[in-house]
Amino acid sequence: MRDDRPPDATAKETSLDKGKRITGVARDTLAAELKTAYESGAPIRSIADHTKRSYGFVHHLLTEAGTTLRRRGAATRNKPST
């Protein structure tokens, strides 16, 4: 079973009030933290739930941070070669 929680390094409680604008250094710091969580395997939805922000906001910040996003869905399985 897959663990969808962000890694402990980024699991610290953040004070991100819903709808609060995040700019400047705070935005850059948050983007770096979200990028670390995502690259450690956490899905965007669990990061969004943890930070109490929308999926779109998290997706946009990850893109701003230069994160290479994974493809949708589960990992593909290769057919056995015969």
Net lengthening on full extension, D28/Y55 (0.36 nm per residue, minus Cα-Cα)
8.0 nm
In whole Hz and in residue order, list the ³J(HN,Hα) couplings for the range 49-58 that follow from phi through the Karplus curve 6.51 cos²θ - 1.76 cosθ + 1.60, θ = phi - 60°; x for Gly and Pro.
4, 5, 8, 6, 10, 7, 4, x, 4, 4
Measuring from label point to label point, each 7 Å out along Cα→Cβ, what is the K18 to E39 span in nm?
3.1
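Every read-out reported here was derived from the displayed coordinates using simple, explicitly stated rules and does not represent laboratory data. Keep in mind it's a predicted model, so treat the numbers as computed, not measured. Reconstructed Cβ throughout: ideal geometry from the backbone, glycine too, with neighbour counts over all protein chains shown.
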